[in-house]
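Here's the structure we're looking at; comments come further down.
The values are calculated or read from the model by the stated rules, or taken from the named source; none is laboratory data. From a predicted model like this one, the values you see are computed outputs, not experimental measurements. Virtual Cβ from ideal backbone geometry, glycine too; neighbours counted across all protein chains shown. Remember, those area values only see protein heavy atoms, side chains included, never the ligands or the DNA or RNA. Shrake-Rupley method; radii C 1.70, N 1.55, O 1.52, S 1.80 Å.
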Amino acid sequence: DVKVTQSSRYLVKRTGEKVFLECVQDMDHENMFWYRQDPGLGLRLIYFSYDVKMKEKGDIPEGYSVSREKKERFSLILESASTNQTSMYLCASSDGGGLYEQYFGPGTRLTVT
Amino acid sequence: SQKIEQNSEALNIQEGKTATLTCNYTNYSPAYLQWYRQDPGRGPVFLLLIRENEKEKRKERLKVTFDTTLKQSLFHITASQPADSATYLCASRSSASKIIFGSGTRLSIRP
């Protein structure tokens, strides 16, 4: 079974803190994605990566950065957390060109106070 | 802008009946559509993919249709069970090669 793990299920941070969210997949997938999910807005793509050291902006990249130094690991960084970044963050991976099914992690519920 | 729209209102169905969920897309022609299930507090789980040249696809009690004329996909669960209660998401790839999701429809099956 494909497994995508995320470093924390719940996280509480203060405004202005630097936040790291880690995601690891164990199926040698080329593609990895970071989404945030908010009520009524659905899943919104923040960043994605089709290869190591490669990254592409999604629909809402402002306030975020990413790092992919190894194929299995994709990190999302909030340089200076703000309250409007309180959300559920979901990582996903997929094989091929992103055409096919994505495998999601359990999510990290981030609260910024 | 390219969008995927799902009925945001919850759907309440009696156990044993067929549940039908709708996904409409606008301003583009996706090569495929995907359907996912999401339980509260968990990540989405892939269920089915249907390509634009496929009219219908089935998997056990699930059936998905793709109508390029209506710009719509329908997702059916036959003989619905309370365990089918979840939020169901529709997704596709936009012309800019980004994955876009609908906001999901919450389905409740009452015994």
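Structure notes:
- Residue satisfying condition, being over 27 Å from residue A:107 (Cα atoms), out of contact with any helix residue (DSSP H, G or I) (no Cβ under 7 Å at 6 or more places or on another chain) and surrounded by fewer than 16 Cβ atoms within 10 Å (Cβ to Cβ), within set B:55, B:63: B:55
- Any chance residue A:68 is within 14 Å of another protein chain (Cβ to nearest Cβ) and either part of a loop (DSSP other than H, G, I, E, B) or within 30 Å of residue B:48 (Cβ to Cβ) (or both): no
- Some residue of the stretch A:71-82 being over 10 Å from the mean Cα position of the chain (by Cα), over 22 Å from residue B:105 (Cβ atoms) and either in a strand (DSSP E or B) or free of Cβ contacts under 8 Å to residues at least 24 places away in the same chain (or both): yes
- Residue in the stretch A:78-90 that is at the interface with another protein chain (Cβ under 8 Å from one of its Cβ atoms) and at pLDDT below 95 present: no
- Residue count, the stretch A:1-17 (criterion: in contact with a Ser or Thr (Cβ under 7 Å, 6 or more places away or on another chain), open to solvent by 50 Å² or more (accessible area, probe 1.4 Å) and either within 13 Å of chain B (Cβ to nearest Cβ) or charged (D, E, K, R) (or both)): 2
- Lone unmet requirement of (1) in contact with a strand residue (DSSP E or B) (Cβ under 7 Å, 6 or more places away or on another chain); (2) within 13 Å of chain B (Cβ to nearest Cβ) for residue A:39: (1)
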